[in-house]
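The values are calculated or read from the model by the stated rules, or taken from the named source; none is laboratory data. Note that the structure is predicted; figures quoted are calculated from it, not measured. Glycine gets a Cβ as well: all are built from the backbone with ideal geometry, and neighbour counts include every protein chain shown.
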Amino acid sequence: MTDFDQAVYEYLKTVPRGKVVTYGMIAHAIGRPRASRQVGNALHRNPTPVVVPCHRVVNREGRLAPAFAFGGTDMQAQLLRAEGVEVINGYVDLMKYLWEGNS
């Protein structure tokens, strides 16, 4: 695991249930504002998806990850819904569910 990966995972652990963040928000929060794609790569390598809630990450438009590494889009939607996040046609309403703390 790289220092970058660790920074992504530690940040993501602070995102509360029922909220989402974007790849870009994570990149910015860990001091690498141009590294959104690398954030996605780190999430695909997540060794502990239960501990590091990568299902809480969506793109800048609120769209779920088309290649969610731990079961696909349907699983990501299921995990988010279990936390009270409404998912409609593969999208989350960022006006309602975006978490802006620690960013």
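Here are some notes:
- Residues located in the range 12-42, provided they are closer than 20 Å to residue 92 by Cα and not in a helix (DSSP H, G or I): 13, 14, 15, 16, 17, 18, 19, 20, 21, 22
- Selected residue [on the phi > 0 side of the Ramachandran plot and modelled with pLDDT of 95 or more] from 24, 62, 72: 62
- Inter-residue pairs, beta-carbon under 8 Å, first over 17 Å from residue 61 (Cα atoms) and in the range 1-24, second in a helix (DSSP H, G or I) and among the polar types (S, T, N, Q), 6+ apart: 4/38
- Matching residues, the range 1-51, being of a type in the set (Val, Ile, Thr) and either in contact with a Phe, Trp or Tyr (Cβ under 6 Å, 6 or more places away or on another chain) or surrounded by fewer than 16 Cβ atoms within 10 Å (Cβ to Cβ) (or both): 2, 14, 15, 20, 21, 26, 30, 39, 48, 50, 51
- Top-ranked residue in the range 68-99 [being assigned to a loop (DSSP other than H, G, I, E, B) and touching a residue at least 40 places away in the same chain (Cβ under 8 Å); ranked as nearest to residue 24 (Cα to Cα)]: 99
- Pick from the range 59-103, criterion out of contact with any Phe, Trp or Tyr (no Cβ under 8 Å at 6 or more places or on another chain) and basic (Lys, Arg), ranking: nearest to residue 49 (Cα to Cα): 81
- Residue match in the range 85-102 (condition: of a type in the set (Lys, Arg) and over 15 Å from residue 23 (Cα atoms)): yes
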